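One structure coming up, written as structure tokens, with questions to follow.
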Amino acid sequence: MKPTSFPNTGIRWFARTGAVLLAGWALAATAVNLPPEQRQLELDSFELVWTTLRDQHFDATFGGLDWQGVHDELRPKIESALTREETSRILRDLAHRLGQSHVTIIPAELSASTAGSDDTADAKGGSGLEARVIETCALVIKVDPGSPAETAGVRPGWEIVRIRQEDVPAQIARFAKELQGHPQKDLILSGELGWALRGKVGERLALRFIDGKGETVDLAAPLAEPRGQLFQLGHCPPVAVWIETRILGTNIGYIAFNAFMDPVRLMPTFNETMEHAIRDRAKGVILDLRGNTGGMGAMVMGMGGWFLNAQEGFLGTLHLRTNELKHIVWSRPQLYRGPVAVLVDTLSLCGSEVLAAGLRENGRGRIFGTRTGGVARAGSVMRLPNGDLFMFAMADFRTRNGQRIKGVGVTPDVEANHTRESLLAGRDVMLEAALNWILTQDNDNQTQERK
Amino acid sequence: MKSTRLNNTSWMTGRSLALVCRLALVAGTSLLPFYAEAETPKLPKAEQVLEDYVTATGGKAAYDRIQNRVTKTKVTLPAAGISMDMTICLAKPGKAYTVTESPATGKIEQGCDGEVVWQNSALTGPQLKKGRERADLINAGILDRWTYWPSAFQKVECVGVETVEQRACYKVVAQPKGEGNAQTLFFDQTSKLLVKLATKVESAMGAVPMESYFSDYRTVDGVMLPHQVKAVFSQLGREMVSKVVA
């Protein structure tokens, strides 16, 4: 039930974005023969998934797949499946045949989790450290204040060499080889690393590091509740959401948050910060979307409206199968027109990519960091008759200039990435690049009335 | 038509929030008009169908006595497990105010004085509605628009008979004044009640087709009102159900 190894495909990782707890997939693998009623529910679920994709998937060609053929191949298999584990595997096979992000099955045993319940505890705990695979190393890039990791003395720049019993460099090498040439290799590696670092709250997660002096450090700090507050949207599993705002240097606004979720809590904070930036004529604003996994499109539209006039531009277009919808912004009465720097990295996904690319293509943002994950789509989730959650992509997204982000990601204007040395020196080179740019910009006319 | 307004608001909230949803296929009925038309060669005038509806639901005098209405509803996306509380206030002439609240959206207010249509929330900030979206919301805010349809529509026409949920219905196309979207209404031939409305829902993002199904009519203040509305957005695979709770 613990994420003790890296899966070898991106698909499995995508299923976890949005705080889907596939790490505990074994929960669903109960080998009990299906009673007739359950079998019917599994069959009904199979048909619903297949039909929904047939009728709603944005790509009517199914990427060249013979969709009826897929049905005819898998239907007999699910009819003869003996266990819930088998039917679940077949359902996932059906969804994954499209090879698309945002198309997956989340087993009922995991999706039934609700905020605050014990069921979510299996994978929500963390040490309070954030890590990325950079080059071939798993590096700590951030340690949350007051977290178990900080208490234990972990510092940015330390290399993670063992998680539980897993040899991390060996795993990275193996999967990097398997993923050679895969456009989303970095996303998959860093994403899996993040999940491998999670576990049950209270669990003593055995970690081995190489510290700044090259010494081996073993830690087994108990995992704590994740940073932020749990937010649950409908049937979706809960997500811990946080936002952080502050003033940097001489009057530069800084906003970081980890998901476009929990608008009731996040939007007032975001709005208040932007009101301050306008009132105080901030020299610039930095949107730190590193590690932001996306979420609700409405929040992207609402936040984008602080920087972009809806009469002048839009973020992109959602391509449904038979329609197109503009991904607009909701412009505020007074807009911030000063320099906007957007920080992204390989775990900036979906809404983060839409906002970053949208601001840039409208001349309202400059992007710093590393290429994003490349999973911008409009997804939808439904509960299946058997209790599983079914996520599917109802629209593809293209930027204002017609660029597809899926599978490609958003390439920064200024590429900057951490190194072990920079992290050990306490530097954030992405943030530094953004700050330096802002300080060179013309800071007149920072505000504009909405047209 | 309160229900239309309710669905408009829900739609904007639901879609733009990228709320999770479920598939709900809309049963096609394209062949039915031909069959039905063959059986009903002479159609009534749309004016008569509307008058029958007003009469069946309480009569013009009852509608005239109503100056305002406050309706509390629970809007759900059943498959996604999302629900919102919505309060709809309508007052003559053409004034409307709705407030929607849920953990997913926070508080969203929308208002109309018959001319200006606005919306405000932490998500969007204050916004003025424009174009067809504005026109549709103004139209939906007219409390007695079927009693005095010429105040809201430039033309109504009965164009055929269709079966909706096993009921033979007159199909009436109503073209709003101004730039609003046409509304296709389906009135049960037997009960005279409005059972379905098909239109496009506009927002700044674009337009999507919506079909609303009205049921559970109950009498309130002397007129019968649908207490349940199911809105189907087939392009989005989304279905929302609104139930009156007070």
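The values are calculated or read from the model by the stated rules, or taken from the named source; none is laboratory data. Just so it is clear, the model here is predicted, and its values are computed rather than measured. Positions of Cβ are generated from backbone atoms using ideal geometry, with glycine treated the same way; all protein chains shown enter the neighbour counts.
Looking at the range B:124-137, can you tell me whether even one residue there is within 23 Å of B:Val241 (Cα to Cα), in contact (Cβ under 8 Å) with a residue 12 or more places away in the chain, within 14 Å of chain A (Cβ to nearest Cβ) and surrounded by 20 or more Cβ atoms within 10 Å (Cβ to Cβ)?
Yes: one or more hits.
Of all the residues that make up the range A:319-339, how many are part of a loop (DSSP other than H, G, I, E, B), more than 7 Å from chain B (Cβ to nearest Cβ) and over 27 Å from the mean Cα position of the chain (by Cα)?
The number of residues fulfilling the criteria is 2.
If you take just the strands (runs of 3 or more DSSP E) that sit entirely in the range A:137-218, which of them hold at least 1 residues that are over 30 Å from A:Val375 (Cα atoms) and either out of contact with any strand residue (DSSP E or B) (no Cβ under 7 Å at 6 or more places or on another chain) or among the charged types (D, E, K, R) (or both)?
A:207-210
Identify, please: which residue in the range B:90-120 is away from chain A (no Cβ under 14 Å) and assigned to a loop (DSSP other than H, G, I, E, B) and is, among those, nearest to B:Arg69 (Cα to Cα)?
B:Lys92
Quick one: is A:Gly284 crowded, with 23+ Cβ neighbours inside 10 Å, over 23 Å from the mean Cα position of the chain (by Cα), more than 30 Å from B:Glu101 (Cβ to Cβ) and touching a residue at least 12 places away in the same chain (Cβ under 8 Å)?
yes
Consider the range A:276-318. How many of its residues are of a type in the set (Phe, Trp, Tyr) and either farther than 20 Å from A:Trp437 by Cβ or not assigned by TED's automatic domain parsing to the domain that holds A:Arg360 (or both)?
So the answer is 1.
Conditions tested, residue by residue: (1) crowded, with 21+ Cβ neighbours inside 10 Å; (2) under 18 Å from B:Met84 (Cα atoms); (3) free of Cβ contacts under 8 Å to residues at least 12 places away in the same chain.
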site	(1), (2), (3)
B:Ala207	no, no, no
B:Glu211	no, no, no
B:Tyr217	no, no, no
B:Gly222	no, no, no
B:Leu225	no, no, no
B:Val229	yes, yes, no
B:Arg238	yes, yes, no
B:Ala246	no, yes, no
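For the structure I just gave you, tell me whether A:Gly305 is within 10 Å of another protein chain (Cβ to nearest Cβ), touching a Cys at 6+ places or on another chain (Cβ under 6 Å) and not basic (Lys, Arg).
No, not satisfied.
Ok, one more. Is it the case, given these coordinates, that A:Thr372 is touching a Leu at 6+ places or on another chain (Cβ under 9 Å), surrounded by fewer than 22 Cβ atoms within 10 Å (Cβ to Cβ) and at pLDDT 95 or above?
No, not satisfied.
From A:Thr269, A:Thr273, grab the single residue that is within 14 Å of chain B (Cβ to nearest Cβ), closer than 22 Å to A:Ala433 by Cβ and in contact with a Ser or Thr (Cβ under 7 Å, 6 or more places away or on another chain).
On inspection, the qualifying residue turns out to be A:Thr273.
Give the number of residues within the range B:139-173 that are over 30 Å from B:Asp113 (Cα atoms), within 17 Å of the chain's Cα centre (by Cα) and among the β-branched types (Val, Ile, Thr).
Residues in the range B:139-173 being over 30 Å from B:Asp113 (Cα atoms), within 17 Å of the chain's Cα centre (by Cα) and among the β-branched types (Val, Ile, Thr): 1 in total.
Then there is this: Within the range B:129-152, identify whether any single residue is part of a strand (DSSP E or B), at negative phi and among the β-branched types (Val, Ile, Thr), and answer yes or no.
Looking for residues that are part of a strand (DSSP E or B), at negative phi and among the β-branched types (Val, Ile, Thr), one finds none in the range B:129-152, hence no.
Consider A:Glu361 carefully, then state whether it is over 25 Å from A:Asp413 (Cα atoms) and more than 10 Å from every other protein chain (Cβ to nearest Cβ).
no
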